[in-house]
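A quick write-up on the structure given underneath.
The values are calculated or read from the model by the stated rules, or taken from the named source; none is laboratory data. It should be emphasised that the depicted structure is a prediction, and the values quoted were computed from it without experimental measurement. Here Cβ is always computed from backbone atoms with ideal geometry, including for glycine, and neighbour counts include all displayed protein chains. Side chains included, ligands, DNA and RNA excluded: accessible areas come from the protein's heavy atoms. Shrake-Rupley method; radii C 1.70, N 1.55, O 1.52, S 1.80 Å.
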Amino acid sequence: MELKEKIRNKQARIGIIGLGYVGLPLAVEFAKAGFEVTGFDVDVAKVDSINHGHSYIGDVPSEDVSCTVKAGKLKATDDMSKLHDMDAIDICVPTPLRKTRDPDLSYVVLAVDAVRARLKPGQLVILESTTYPGTTDEVVQPALEEGGLKAGKDFYLAFSPERVDPGNPTYTTKTIPKVVGGVNEISTDLARDLYGSIIGTIIPVSSTQVAEMVKLLENTFRAVNIGLVNEIALMSHRMNIDVWEVIDAASTKPFGFMPFYPGPGLGGHCIPIDPFYLSWKARQNGFECRFIELAGHINGSMPAFVVERVGEALNSQKKAVNGSRIHIFGVAYKKDVSDMRESPALDVMELLHRRGAVLSYTDPFVPTLDHGDLSMKSVPEAEAGKGIDCAVICTNHKVFDYAAMPKHFPLVVDTRNALKNSDADNVFRL
Ligand code: SAJ
């Protein structure tokens, strides 16, 4: 039976490689829609967890996993030979940066190699991992064609950027419009049909490169605008202007403006990484991405700026960073998440530690912290305070009792305006 027909009547067997915050929600949505889904992951713990009906991703309720597993619609395996039985395969593996800030496609290459070894005529292969324009055409397609099958003719190949926003209650895998771009029209059509069976809005584009570029524009847009607002914060501090008041007032403009906020730096697994995939590829084409590099420089300078502000705050009470007891509120990369990847709070803590500060922290989402020389446990908020010289709000989790902080601590450095423009004279904002 033609793949198109199999997708239409939900007979297509779907393989998802990479069962993380992108792959698991996708696998569960396809299984809930009635497809037979096999999740592939090298991490046996993830495989076992899913086969036992347990979800390890916050946005995916365990009951969704257990009921689709019980219904025989979802199973997981680390046995890549089963890729041969799939009609459609979605690759959702990480694309980090190397230490040299070059793209690290090693996970993608491993997954593509696993697919190539089992590739058969009629299969649809889709890459979802965020990557530079050209990856699908220049890396994935040649690798898959090594066995002699031709992309777009014997099998189908497309790129579709993941837009999962972990913890976002409004926008989920089902409700976020999905961009798809194939190596040819039939590949685009099949990807559109496949995702169209679980996602309301599908946006077909003319090529895999356009689809790859769409995602990079989306996230570079954020990184550059965060860099801009951080630069505005740096200059506003020099000019003794309250940048938070400026942004709030600018936000009253009903069109043509979108607020971003200064902070301790740029964390997460997307925004600090994706723009450097784009600038790396542009450089290969002889083009220097100055906005991306400048934003990276400014965002990267924010942890040191926070430490400067801590020094100023302590100096206002004739204290030095060296030997002071400094308590950090929030170490995750953004509010109300537990993810620590690229968290700027870690850079702030490292810099303070190097300057002799005695550190402690409270983050209910991060019970223990092991990073470089820093190894400590989160202190319950109610117990934080004894003998602390300065509190620093790095991540503005909703759960904190901000109103109590200016009374509880001799000094508070607020990098997120979490104290909402408090005028207490022991509160210092970016
Ligand atoms: N940040 C600021 N100021 C801002 C916004 C963010 O300093 O105005 C910081 C955050 O604290 C964090 C980093 O930048 O450290 C990234 O924050 P983010 O809000 O961009 O959150 P992410 O990294 O979770 O980005 C994801 C992205 N989603 C996908 O890639 C699918 C992004 O496109 C979303 O727009 C974003 O979530 C979101 O809106 O939550």
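Results, tabulated for the structure shown:
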item: Strands (runs of 3 or more DSSP E) contained in segment 323-396 and holding at least 3 residues open to solvent by less than 40 Å² (accessible area, probe 1.4 Å), among the polar types (S, T, N, Q) and at pLDDT below 95; result: none
item: Filter pass, P254 being out of contact with any strand residue (DSSP E or B) (no Cβ under 6 Å at 6 or more places or on another chain) and within 13 Å of the ligand (Cβ to nearest atom); result: no
item: Failed criterion for E63 (all others in (1) over 19 Å from S197 (Cα atoms); (2) crowded, with 17+ Cβ neighbours inside 10 Å hold); result: (2)
item: Single condition I241 does not satisfy, out of (1) of a type in the set (A, V, I, L, M, F, W, C); (2) crowded, with 17+ Cβ neighbours inside 10 Å; (3) more than 16 Å from the ligand (Cβ to nearest atom); (4) not in a helix (DSSP H, G or I); result: (2)
item: Test: residue in segment 190-198 that is within 14 Å of the ligand (Cβ to nearest atom) and either at pLDDT below 95 or under 24 Å from the mean Cα position of the chain (by Cα) (or both); result: no
item: L294, sole failed condition from (1) within 20 Å of F260 (Cβ to Cβ); (2) touching a Lys or Arg at 6+ places or on another chain (Cβ under 7 Å); (3) of a type outside the set (K, R); result: (2)
item: Of all residues making up segment 273-303, the number that are touching a helix residue (DSSP H, G or I) at 6+ places or on another chain (Cβ under 6 Å) and among the β-branched types (V, I, T); result: 2
item: Complete set of residues in segment 332-362 that are in contact with a helix residue (DSSP H, G or I) (Cβ under 8 Å, 6 or more places away or on another chain) and either more than 28 Å from N240 (Cα to Cα) or not assigned by TED's automatic domain parsing to the domain that holds N396 (or both); result: A332, M340, L359, Y361, T362
item: First in segment 22-45 and of a type in the set (F, W, Y), second anywhere and part of a helix (DSSP H, G or I) and open to solvent by 10 Å² or more (accessible area, probe 1.4 Å), Cβ under 7 Å, 6 or more apart; result: F40/M80
item: Members of segment 260-274 that are among the hydrophobic types (A, V, I, L, M, F, W, C) and near the ligand (Cβ under 6 Å from one of its atoms); result: F260, L266, C270, I271
item: Enumeration of residues in segment 206-226 that are open to solvent by 40 Å² or more (accessible area, probe 1.4 Å) and not in a helix (DSSP H, G or I); result: S206
item: Per-region count, segment 41-60, residues surrounded by 18 or more Cβ atoms within 10 Å (Cβ to Cβ), touching an Asp or Glu at 6+ places or on another chain (Cβ under 7 Å) and of a type in the set (A, V, I, L, M, F, W, C); result: 1
item: Residues of segment 289-309 satisfying the condition of being among the acidic types (D, E) and surrounded by 19 or more Cβ atoms within 10 Å (Cβ to Cβ); result: none
item: Cβ-Cβ under 7 Å pairs, at least 6 apart or on other chains, segment 237-263 side of a type in the set (A, V, I, L, M), far side at pLDDT 95 or above and away from the ligand (no atom under 12 Å from the Cβ); result: V243/S236; V246/S236; A250/F257
item: Candidate set: segment 310-320, residues that are in contact with an Asp or Glu (Cβ under 9 Å, 6 or more places away or on another chain) and part of a loop (DSSP other than H, G, I, E, B); chosen: the one surrounded by the most Cβ atoms within 10 Å (Cβ to Cβ); result: K319
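A quick yes/no check of all residues on (1) assigned to a helix (DSSP H, G or I); (2) β-branched (V, I, T); (3) under 19 Å from the mean Cα position of the chain (by Cα):
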| site | (1), (2), (3) |
| --- | --- |
| K10 | no, no, no |
| G20 | no, no, yes |
| V37 | no, yes, no |
| I57 | no, yes, yes |
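A quick yes/no check of all residues on (1) crowded, with 16+ Cβ neighbours inside 10 Å; (2) in contact with a Cys (Cβ under 9 Å, 6 or more places away or on another chain); (3) over 29 Å from L217 (Cα atoms):
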position: H84; (1), (2), (3): no, no, yes
position: C92; (1), (2), (3): yes, no, no
position: D104; (1), (2), (3): yes, no, no
position: R118; (1), (2), (3): yes, no, yes
